[in-house]
Every structure is written in structure tokens, then in C-alpha cells.
Amino acid sequence: MATLRVHNATMLTMCDGAEPIHGAELVSVDGVIEYVGPERDQPGDGFDEQIDAGGAVLLPGLVNAHTHLAMTLLRGFADDMPLQEWLTEKIWPTEAGLVEEDVYWGTLLGILEMLRAGVTCYNDMYHYPGAGVRAAIDGGIRALPSGVLLQFVDERRDVSSATEFALQTRETSPERIVPMLGPHAPYSCTPEMLTEVAEAALEHGFSIHIHLSETVNEVEQVEQQTGMKPVAYLEKLGVLNAHVTAAHCVHLDDGEIAVLAERGVGIAHCPTSNMKLASGFARVPDMLERGAIVGLGTDGASSNNRLDLLGEARMAALIHKGYAGDPRVVNARQALEMATIGAARAIGLQETIGSLEVGKRADFTLVSMAEAHNQPLHNLCSQLIYAAEAGDVVLTAVDGVVLYERGAYPHLDAERIIARANESAMRLTRS
Ligand SMILES: [Zn+2]
């Protein structure tokens, strides 16, 4: 039995309406939360590990609802370009040179960055998902891996092999690895592929990770090809019968937002990527008002270029105010929810993670409020969203295991990972 106790913390459980608890304590046994609440006089003894939080904020681990993690290798490689040109002229030709080891080291590089930013779980869609799974297992982090199903790549990545991969991963990996099926998008997959994915997802109980309505162009393309809006098209193909995480959802009409809300589709909002690629403003205030499930994602590090969920939450809180001309939309609490419990709901893991509750997994992070930019402290949510930064994270744990603490990674050789990822990046981009 492995027991861990964190005390002397200011805890935000992110449960509905819960206020911060000062002088709080969390105890986990074998990776499961056994106690959260005010610090007890006699917490018991014999803990394997005790952490004095020194008054730092104890939050559920942040959840990245959409990324392509090994794209860290292409961070800063092609910036300030339109999406289609960026994809077809720079990203896809370079990715064609990827080998498994690149994905392994690129994924681990992303894991280092996310742990340092308080992120404990990510929803990943990328090539060579087997290498991604290996990296997630070695990295100790929680992950939802899927390959990329595209109509124009070779048949090795077709739906049945993706399903086979997901089945095998589920059987042979620790519980914190939750495989998904990853059809790239309605415009880049054939209707047959999408139907097959929907059937396989239902048959085997997998969730689906897909891009949806990221740009005006692709929406027009789907409309021209099918006579339908993308959401109606996915509904007709049966995709929305499964649990679905849809990334971006920038260009939706009222009816589409209503359908996604009714069907409980998880929306992975990626504001930085949408701003950087000038894709547009997702209608997040309308989605939240309609009761849709919205979580935050960073997208890949080549369209962000960070994997910083607190920064993403800040971006979300700010851009929608500016766009709507209304400072009341996407308030600090909502932004923080989208980075924690909202994102957990969006990827279908709300029973396991996303808030600090007895019975959930002990995925958490400690954020220091001691530095000048976080003082004075009037409102915790406001501070975390508008003032704090990723560098304020002092500790990150997954399943009750500390994976990052004050610049150090107890279970990972950060220097080696950075060196190997750089070797891969240089080889890929040399030509
Ligand atoms: Zn993406």
C-alpha cells in the first residue's frame, strides 16, 4: 500500500460551488483519494510520503483535452502561416519522415513540459501511437492516446488496425492509459471510415477523438460534399451515438451547438491555436449558456507553441470578453473549470479525475502564490487565471506519485529526453 499525505495547502476541489479550503489536507492510498478536507489534528501516521504544501494552492491536475503531443518536435518550425498552407507545405511533408523513436522522445518532451505546468492528463492524437503509449507509460502520466485516421494515408492505419491497437493498448497498459479512436476530421475521412469508427467505438466502448469545424473552409467543403453541416453529417453517420471529444468547434451555428449540448459531446476548446492560425473565435459563451461540455486543449506545440493549460485558460477568459464586448463572459471560475473538471468531462473521465474528491484518482498539482505577481491574494480563481503562470507550479502528481517537484523529475531523465528530442527534431527538419 502506498500512502501519500499533502497538508498545509489551500485547496480548490473544483467540485460544484465549492469554496477554497485553507489549511487543507489530502490523503491518497494506492493512487486513490481517501480524504480531502480541513487538516485533521490526528491524521494518522505511517504515511510513505508527506508533503508540506507551505500554503500553496492544491488543485486537481490540469487536463489537456486536445493535443498532438509529439509535435513538440516541430515547435517554432513553421509559424505565422495560414492553416492549410502550414499543414500541406510544412507539417505533413515533415511528419512523413517521422519514425517511432521520434514520436517517443517528442511525446516525452511534451510530458516534461506539461508536468511542469501542472498538467496530469492529456488527450493525444498522433502517428505511431504505440510509441506515444510507451512514452506515457514511462512518463507516469495519464493519457488518452489514439492514432490518426486519414483517408489518404496507407492502409496500415485503417479503422480495423486502429481498433486492434486500442484493444491491445487497453489490455496491456496500466489503467491510466485510456485508448481512443482518432478519425482526423469529417473533411479528411471518408464516410465509410467514420461509420466504421462509430460502430467500433460502440462495440468496444471506446471514445472518439475528432477535429470538428476548425476553419470556415472545411465547413464549406463538408457542405459541398454532403449537403450537410458537419454536425448533422456526423449525426447521420452515427458518430454522435458514441462518446465523442470534438476539438476546436470554432464554426458552429445555433442548431449545431444545441445538438452537441444535447448529445453530451465534449468540446475541446483550443483558443491559442485558434488565434495563432486565425481560425476564428469559438462560440464558447453560447456553448456554456446552452449547457455544452467544454474543456480546454492546447492543440499541438507547433500551433500554440506551449502546452500550458493555465495560460490557455487565461487566453480563453480574455479573448471571449474582447470578442463579445462583454467582460462578464467566461469568468475566472469558468475558465478554471474548463482546465480541470470541464476538460475531464470533455474526454469522458469525469468519474476518475478533474476534481479532488474521495474515490477519484490522486492527480493533483500545487501552485505557489508566494511570488510578487501573485500578491496580494483577494480571489483565488481570479489569481490563478489572470495573474499566475505555469512557472508557479511547484509540484505535480499522478495516481499519488510525485512526477515533478521544484524543477526536478524524480522518475525521468529530463536532460536525456531533451537531447534525444532535439536529435529527432534536427533530423526531421534538416532536409
Ligand atoms: Zn488538433
Point to revise | For T72, T298, order by how many other beta-carbon atoms lie within 10 Å, fewest first | key: T72, T298
Check your understanding: Quick one: if you stick a label point 7 Å off each Cα along the C-beta vector at M81 and R430, how many nm between them?
Key -> 2.1 nm
**Study point:** For Y35, distant residues with modelled amide H under 5 Å away
**Key:** V27
Study note, to complete from the structure: Residue-ordered couplings for region 184-195, obtained by feeding phi - 60° into the Karplus form 6.51 cos²θ - 1.76 cosθ + 1.60 and rounding to whole Hz (Gly and Pro as x), are 4, 5, x, 7, 10, 10, 7, x, 4, 4, 5, 5
Review point. If the cut-off is a Cα-Cα distance under 20 Å, which lysines reach K276, setting aside same-chain residues fewer than 8 apart in sequence?
Key: K90, K321
Exercise for review: Return a whole-number percent for the relative contact order of region 211-316, with Cα pairs under 8 Å and 6 or more residues apart as the contact set.
Suggested key: 24 percent
**Study point:** Whole-Hz couplings from phi, Karplus 6.51/-1.76/1.60, listed for region 98-106; x for Gly and Pro
**Key:** 5, 10, 3, 4, 4, 5, 4, 6, x
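So between E100 and E289, what do we pick up on full extension, going 0.36 nm a residue minus the alpha carbon distance?
Details: separation 189, 0.36 × 189 = 68.04 nm, distance 4.28 nm.
Between E100 and E289, full extension yields an extra 63.8 nm.
Add +1 for every Lys or Arg and -1 for every Asp or Glu among the other residues with Cβ under 10 Å from the Cβ of H211, and state the total. Before the final figure, lay out each step's value.
Numbers: positive: none; negative: E214, E218, D299.
Local charge sum for H211: -3.
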Exercise for review: Identify the GluC sites (Glu not before Pro) of region 353-414 meeting these criteria: DSSP loop state and at most 13 other C-beta atoms within 10 Å of the C-beta.
Suggested key: E371
Review point. Using a Förster distance of 22 Å, how high is the FRET efficiency between D52 and V358, based on the Cβ-Cβ distance and rounded to 0.05?
Key: 0.50
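Roughly how many debye, to the nearest 20, is the charge dipole of region 297-431 about its Cα centre, given +1 on each Lys and Arg Cβ, -1 on each Asp and Glu Cβ, and no other charges? Please report the intermediate quantities before stating the final value.
Details: 13 positive and 16 negative charges, 61 e Å.
Dipole magnitude for region 297-431 comes out near 300 debye.
Arrange Y104, Y386 by Cβ neighbour counts within 10 Å, fewest through most, would you? Please report the intermediate quantities before stating the final value.
Working: Y104 23, Y386 14.
Least crowded to most crowded, the residues run Y386, Y104.
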Exercise for review: Work from the charge dipole of the chain (Cβ charges, +1 for Lys and Arg, -1 for Asp and Glu, about the Cα centre) and give the residue of T195, N217, M180 farthest towards its positive end.
Suggested key: N217
**Study point:** Cα-based convex hull volume of region 1-132 per residue, rounded to whole Å³
**Key:** 156 Å³
Check your understanding: Given labels modelled 7 Å from the Cα in the Cβ direction, how far is it in nm from E89 to F281?
Key -> 2.9 nm
**Study point:** Candidates S355, S188, S302, ranked by Gaussian network fluctuation over the chain, Cα under 10 Å, top entry
**Key:** S188
**Study point:** Whichever aspartates and glutamates have a C-alpha closer than 15 Å to that of K229, once near sequence neighbours (fewer than 8 apart) are set aside
**Key:** E214, E218, E220, D253, D254, E256
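What value in Å³ per residue do you get for the convex hull of the alpha-carbon atoms in the chain?
134 Å³
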Review point. Amide H to amide H, which residues 5 or more places from G300 or on other chains are under 5 Å from it, using H placed in the peptide plane?
Key: H68
Check your understanding: Given 25 °C and 0.890 mPa s, how large is the Stokes-Einstein diffusion coefficient of region 54-155 in µm²/s, with Rh as the Kirkwood radius over Cα pairs?
Key -> 168 µm²/s
**Study point:** Under the Karplus curve 6.51 cos²θ - 1.76 cosθ + 1.60, θ = phi - 60°, whole-Hz ³J(HN,Hα) for region 224-238, x wherever Gly or Pro sits
**Key:** 5, 6, 10, x, 10, 5, x, 5, 5, 4, 5, 5, 4, 7, x
Revision key, fill the gap. Charge tally for neighbours of W105 with beta carbon under 14 Å away, counting Lys, Arg as +1 and Asp, Glu as -1, is -3
Practice item. Take every DSSP beta bridge whose two residues both sit in the chain, then give the antiparallel share in percent to the nearest 5. Key: 45 percent
Point to revise | Whole-number percent relative contact order across the chain, with pairs defined as alpha carbons under 8 Å at least 6 apart | key: 21 percent
Review point. Residues of region 205-221 with amide nitrogen under 12 Å from the 7 Å Cα-to-Cβ point of L167?
Key: 205
Check your understanding: Hey, what did region 314-414 get for relative contact order, percent, Cα under 8 Å, at least 6 apart?
Key -> 21 percent
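Can you give the local net charge around M369? Use residues other than it whose beta-carbon is closer than 13 angstrom to its beta-carbon, Lys and Arg +1, Asp and Glu -1. Mind dumping the intermediate values first?
On the way: positive: none; negative: E371, E389, D392.
Cβ neighbours under 13 Å give a net charge of -3.
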**Study point:** Simple label model, 7 Å out from Cα along Cβ direction - R40 to E423, nm
**Key:** 5.0 nm
Exercise for review: Can you check how the C-alpha radius of gyration of region 76-229 compares to 2.2 N^0.38 Å, as a plain ratio?
Suggested key: 1.08
Check your understanding: What is the order of M71, M114, M1, M228, fewest Cβ neighbours within 10 Å to most?
Key -> M1, M228, M71, M114
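Give the dimensionless ratio obtained when the Cα radius of gyration of region 286-335 is divided by 2.2 N^0.38 Å. Each step should come with its number before you reach the end.
On the way: Rg = 11.6 Å, N = 50, 2.2 N^0.38 = 9.7 Å.
The value comes to 1.19.
No value in this document is a laboratory result; all are computed from the given coordinates. Quantities reported herein were computed from a predicted structural model and do not represent experimental measurements. When we count neighbours, we look across all protein chains shown, and the Cβ atoms used for this are built from the backbone with ideal geometry, even at glycine.
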